[in-house]
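Just below is one structure, and these are the notes that go with it.
What follows draws every value from the coordinates through simple rules; no lab data is involved. Remember, it's a predicted structure, so these values are computed and weren't measured experimentally. Cβ coordinates were reconstructed from backbone atoms using ideal geometry, including for glycine residues, and neighbour counts include every protein chain displayed.
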Ligand SMILES: Cc1cc2nc3c(=O)[nH]c(=O)nc-3n(C[C@H](O)[C@H](O)[C@H](O)COP(=O)(O)OP(=O)(O)OC[C@H]3O[C@@H](n4cnc5c(N)ncnc54)[C@H](O)[C@@H]3O)c2cc1C
């Protein structure tokens, strides 16, 4: 079974994100970037399925700027067999919308013919939570989102999902799309010799133009602003004052 | 900025391991003076021992700069863990350079920490002046008989294999010492008790005593009577490693101090708003950055095959000195809390001190810098 894992290069989760002075987005130049943490979980799951002998090949694809190659090398060091970079732009500030990404991925799926796509449930930059679902729709495949457990079972995948009030398990006929939640696994630390070996593998490169996909943006960003600063708290002198404030000012009683 | 993509990736993977596994364990390891076998086991699996061992011998084959980056990151979590990495690096470098194919067969076990090693130079009468060693190896048939004693040897209480500098020619001074690979479980080897130290308390340090220890013909590492020179040949790398370790300790102190200054309030303000505190933080940051750049420059000189002696001594000396001075500043930013066990900066200050002493004291580093200046001229 072949597994395709789409990954996105995003601002590293340790970086304090700053809004660009003109409000057109957040600062992306000279900022540490790394693989979207949910995608790391997706790749880890795929590699584990391969190590268990369930999957035979793990292919990782990313769409974006040439610098994405760094992220793909990390993917190779984590255990991906092959990686594909779709050159979509040279502008690090240009974000490609989920719909376009889903259409591009559908083309890659046509070419690669994986039985399973495992994607992160969302990228931590825009928190769209849409690509996996749109891809499933574009392919006409079943989808299991927010996976906290994944098991392959005779031509199907069992996906345990974290939903309000407990866990739900779906059985999806393969091929299918699964998106990962935080508790699916703990991605491995990359071993140093694997980093060295990954440098010698090639990254397949495709031009977006060659895929014939309309990736024109449909969304317009009106403004980007910092979250409002937290106001200082108030000290109350008595329980009565607290109750009165909760009633009259906060309106929660 | 100075690192390429591979070095950046090594740094970030080491950093996440350190943040998750090493730094949270440091306080307890210091308190219990415990050998962290479980951490070393995991580090072995991640390839964090024997960083420069070439790929054909089973290592990752990284350069000295990458090694320095790993040392700083490990030390940011806990200096003892970095010191273990440095020890394995020296031993594996010696094995790669001078070992016979048979001797190199131990490399995979050394790099997995299944075989713990010790580097045994110092003796009661021979510290800075290594030529004063009294341990002897005397020819006996096709092997040798080893007699003598070593002190303050890292890993001595737990090690399986010692790399022991011994005198093989009484008359020949520095040209009369050799390095032997000694099975520390053999008959005639006695281990002294574990020393209780000021800092780096999870490192197991102690004495080794050799009484008529029989060594086979394959115990000699490299050439006979060239031990002192082999030791010198890895000194540059050792110094870069300890310099990076010192930077890591200081960096951890800076991070802790910046965090604390932004949360502790006095006079209704965060103490970070007081210029007196700001200047402490600024001086810490600039010295640490300067030390890091000295480390990078020394490592790059080694990697490019340039004369690195002066650069390595400058890096080791400066980084050790500022590690002590700037972790003291970190304690200052914390006020009384910084003096209390359990606060990271209290440990960092204790852990820093030894970086001015081992791998050649900072007096000796200054001596070397001056000697190089006077011999080769002052130009950079
Ligand atoms: C925690 C720890 C771990 C260690 N690990 C190891 C190990 O694994 N293997 C090993 O072999 N050794 C190890 N050592 C020993 C360490 O390398 C020595 O302590 C160090 O070389 C200094 O030697 P010494 O202690 O005898 O000091 P001394 O040489 O007696 O020096 C005392 C003082 O005199 C100064 N001094 C000496 N000569 C001169 C000079 N010519 N000019 C100016 N000043 C001078 C020194 O700088 C120092 O300030 C370790 C020590 C410690 C504390």
- prompt: For B:2, B:343, what ranking results if the residue with the fewest other Cβ atoms within 10 Å of its Cβ goes first?
  reply: B:2, B:343
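Can you give the Kirkwood hydrodynamic radius of the stretch A:63-206 from its Cα pairs, in Å with one decimal?
It works out to 16.5 Å.
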query: For the stretch A:2-248, what value does the Rg/Rh ratio take when both radii are computed over Cα atoms and Rh is the Kirkwood radius, given to two decimals?
result: 1.06
query: What average number of partner chain Cβ atoms lie no more than 10 Å from the Cβ of the residues making up B:52-61?
result: 2
query: Gaussian network model of chain A, Cα springs within a sub-10 Å range: biggest mean-square fluctuation belongs to which of A:30, A:185, A:93?
result: A:30
message: Using all alpha carbons of the stretch B:60-209, what is the percent of pairwise distances in each 10 Å bin, ordered from the shortest bin to the longest?
response: 10, 37, 38, 14, 1
message: Only Cα pairs within less than 10 Å get springs; with that Gaussian network setup on chain A, which residue of A:171, A:82, A:20 has the largest fluctuation?
response: A:20
- prompt: Roughly what angle does helix A:98-112 make with the longest principal axis of chain A, taking Cα atoms, 0 to 90 degrees, to the nearest 10?
  reply: 20
query: What angle, in degrees between 0 and 90 and rounded to the nearest 10, separates the Cα long axis of helix A:37-51 from the longest principal axis of the Cα atoms of chain A?
result: 40
query: Can you give the angle from 0 to 90° between the axis of helix B:79-98 and the longest principal axis of chain B, with both taken from C-alpha atoms, to the nearest 10?
result: 30
message: Suppose a student asked you for the relative contact order of the stretch B:230-376, using Cα pairs under 8 Å spaced at least 6 residues apart; what percent would you report?
response: 33
- prompt: Taking the alpha-carbon centroid of each part, what is the distance from the stretch B:52-75 to the stretch B:313-367 in angstrom?
  reply: 25
message: Can you show me the helix-derived [θ] at 222 nm for chain B, built from DSSP H runs with n ≥ 4 at -39,500 (n - 2.57) apiece and divided by the number of residues, rounded to the nearest 500.
response: -16000 deg cm²/dmol
task: Once you've got the GNM for chain B with C-alpha springs shorter than 10 Å, pick whichever of B:46, B:294, B:221 has the biggest mean-square fluctuation.
output: B:46
- prompt: What ranking do B:14, A:180 get, fewest neighbouring Cβ atoms within 10 angstrom at the top?
  reply: B:14, A:180
statement: Expressed as a whole-number percentage, the relative contact order of chain A with C-alpha contacts under 8 angstrom and at least six residues apart is 23
Share of pairwise Cα separations in the protein assembly as shown, more than 37 Å, in percent: 48
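Using Cα pairs under 8 angstrom and six or more residues apart, how large is the relative contact order of the stretch B:38-125, in percent?
31
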message: To make sure I understand, if each residue's beta carbon is the centre and we count other beta carbons within 10 Å, what order do B:313, A:148, A:34 fall in, fewest to most?
response: A:148, A:34, B:313
